[in-house]
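Here the structure is laid out as structure tokens; the discussion comes afterwards.
Bear in mind these aren't lab numbers, they're just calculated from the coordinates by the rules spelled out. Because the structure is a prediction, the values reported are computed rather than measured. No Cβ is skipped: glycine too gets one built from the backbone with ideal geometry, and neighbour counts run over all protein chains shown.
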Ligand code: G6P
Ligand code: ZN
């Protein structure tokens, strides 16, 4: 099939508030649907990219409400800007790591992801758009800054139209997004444009198949003492999970729950944590479900986050990263040559640091935000990265990858159980507690105070900064400081700053941290992803090497530190909140 189109320059004017955050531009659907809103941003993006003419880009999203409409609009603007081919995921769907995989594997100029990640979807909820560059990772600030400045000066955008008299109709409207295949079009002045609808899973699944020993994983699924439950949270991963866990690994159809992608995620928060995946957590609890499976997992709306559960056991993201790093070489073919380094974001508990020390490899501490791992991965300085915010990933793509993390845990289980008899499965809980015996346990918890008044958020940070300044001023010169009447001394009290070891760029003001002599830590940060007001995050970590004390509940172990944090920050008085909105 073929067709023709005419490029029309549509008049527009700048729209305020189109700043691309860490994870793209995220707004309510109603905002995106306003006249020119999406078109202004997309044109500003295209005007910021070198080499656009004649290029190929990928396009897809998490299937949330308005995904397909946005795909249609973006194709028209891409054609008008001289893009020669847009590879669109079937039905407009691509999970975030799959888009990254396609961009890398097919050496595309970049890709556009339509997602607001784990934020709710639907006509009254959120929509989002983000651009990834040719390494498959989120655009660096040099690009997003250009986009922002273009949004402030834009006066026209290009739109492919049927002809100059018919600018409403979509000249590519005949393309069936449900049917895989390419459709070519030619513009009035002879330029070619192709919409290539591609299988949403093929490239990504093939990549994962090349990284893991699927036969060993299939053997694990075949054991009678192993069962598995994956919660796709009505997000984009349902069909991918069906392909991998059911069709390739032989799991029963019921091993994927909430597997049908819904435009509004069933009205739920598609965020894999103990609060929003409560049904999965209950299914894994042997007290509530006598037939609780051996392993549970969940992923978020766009498939980049993950949560790992054993039977009646929660694996913190920080522990998950540490265990995967410790076992990677032996358990996962993709890492058979070993690791040269690992990386974690600053607030993430330092469990992986102990693994790195033992392996004699580098460990990088970066600011919050997956983009900070990009240079380390590109330069081969780190191979596995993770964040406390349920993000785990590696150098196969440049996004965090939920299903990859699940496969890592399946591989660890398969490896640890290679010699056990059916019926004697070594559990996830015992793998993690054995890990603590060797490396120590890093108790970790995060308290979120969401949608706090912005001024109160700023006041809290100012209060804690003052506490730090006073401590540093009162230090006796030995470098050892006192925080209130807390018995353990503080070695570092600062606002975290990061100098990228590859390009030398500096990120300042990344979180107020207190590091104690016993390696415990308290961190205060304002979230960079909230959509209204300020979200205060308080992170507490305590390191415990005494095996006899490692089995305590994290909230119990961390209570003295959290009480201290609340006291020194005056949080309750400043915010008016007596308890956090979410605890992870
Ligand atoms: C997104 C980013 C992560 C980040 C998380 C929390 O998922 O991709 O890199 O850790 O948000 O960020 P925040 O600034 O809200 O703590
Ligand atoms: Zn996400």
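Using the per-residue mean of other Cβ atoms lying within 10 Å as a proxy for protection, in what order, highest first, do the peptides 312-320, 329-337, 351-359 fall?
312-320, 351-359, 329-337
To the nearest 10 degrees, how steeply does helix 37-46 sit against the main Cα axis of the chain, on a 0 to 90 scale?
Once rounded, the angle reads 90 degrees.
How high is the relative contact order of the chain? Use alpha-carbon pairs under 8 Å, at least six apart in sequence, and give a whole percent.
Result for the chain is 13 percent.
Specify the inter-centroid distance of region 395-466 and region 132-197, based on alpha-carbon positions, in whole Å.
Between the Cα centres of region 395-466 and region 132-197 lies a distance of 39 Å.
Rounded if a/c is under 1.5, else prolate if a/b is larger than b/c, else oblate: which is region 442-583, with a ≥ b ≥ c the root eigenvalues of its Cα gyration tensor?
In terms of gyration-tensor shape, rounded.
Would you kindly calculate the mean projected area, averaged across all directions, of the convex hull enclosing the Cα atoms of region 200-265, in square nanometres?
4.4 nm²
So for region 379-438, averaging the separation of alpha carbon pairs under 8 Å that are six or more residues apart and normalising by length, what relative contact order in percent results?
16 percent
What do you get for Rg/Rh of region 203-439 when both radii come from the Cα atoms and Rh is the Kirkwood radius?
Ratio of gyration radius to Kirkwood radius for region 203-439: 0.94.
Can you classify the chain as rounded, prolate or oblate using the Cα gyration tensor, where a ≥ b ≥ c are the square roots of its eigenvalues, rounded means a/c under 1.5, and otherwise it's prolate if a/b beats b/c and oblate if not?
Oblate shape, in that a/c is at least 1.5 and b/c is the bigger or equal ratio.
Nearest 5 is fine: what % of DSSP beta bridges in the chain come out antiparallel, could you say?
The answer is about 65 percent antiparallel.
Sort 505-517, 401-413 by the packing proxy (mean of other Cβ within 10 Å over each peptide's residues), most packed first.
Result, highest mean first: 401-413, 505-517.
Using only Cα atoms, tell me the angle between helix 554-569 and the longest principal axis of the chain; keep it within 0 to 90° and round to the nearest 10.
Here the helix axis deviates by roughly 80 degrees.
Please work out the Cα convex hull volume for region 117-264 and give it in Å³ per residue.
197 Å³
Diagonalise the Cα gyration tensor of region 516-584 and give the resulting equivalent ellipsoid semi-axes, square root of 5 times each eigenvalue, largest first, whole Å.
The answer is 26, 13, 12 Å, longest axis first.
Binning every alpha carbon pair distance of region 371-414 at 10 Å from zero, what are the percents per bin?
The calculated distribution, bin by bin, is 29, 53, 18, 1.
In terms of the Cα gyration tensor, with a ≥ b ≥ c the square roots of its eigenvalues, is region 2-200 rounded because a/c is under 1.5, prolate because a/b exceeds b/c, or oblate?
Rounded is the answer for region 2-200, as its axis ratio a/c remains below 1.5.
Averaging over all projection directions, find the projected area of the Cα convex hull of region 348-457 and quote it in nm² with one decimal place.
Computing the convex hull of the Cα atoms and averaging its projections yields 9.6 nm².
So what's the angle, to the nearest 10 degrees on a 0 to 90 scale, between helix 96-105 and the longest Cα principal axis of the chain?
On a 0 to 90 degree scale, this one is about 60.
Percent relative contact order of region 12-158, based on C-alpha pairs within less than 8 angstrom and at least six residues apart?
Once normalised by length, the contact order is 37 percent.
Kirkwood-based Rg over Rh for region 125-168 (C-alpha set), two decimals?
Answer for region 125-168: 1.11.
Counting only DSSP beta bridges with both residues in region 203-439, tell me the antiparallel percent, nearest 5.
50 percent
For every helix of n ≥ 4 consecutive DSSP H residues, a contribution of -39,500 (n - 2.57) applies; sum these over the chain, divide by its total residues, and give [θ] at 222 nm rounded to the nearest 500 deg cm²/dmol.
Mean residue ellipticity at 222 nm (helix-derived): -9000 deg cm²/dmol.
Return the FRET efficiency for the residue pair residue 529, residue 421: r is the Cβ-Cβ distance, R0 is 35 Å, and the value is rounded to the nearest 0.05.
The calculated FRET efficiency here is 0.15.
If we sort 83-96, 140-153 on the protection proxy, mean other Cβ atoms within 10 Å, highest first, what's the order?
Result, highest mean first: 83-96, 140-153.
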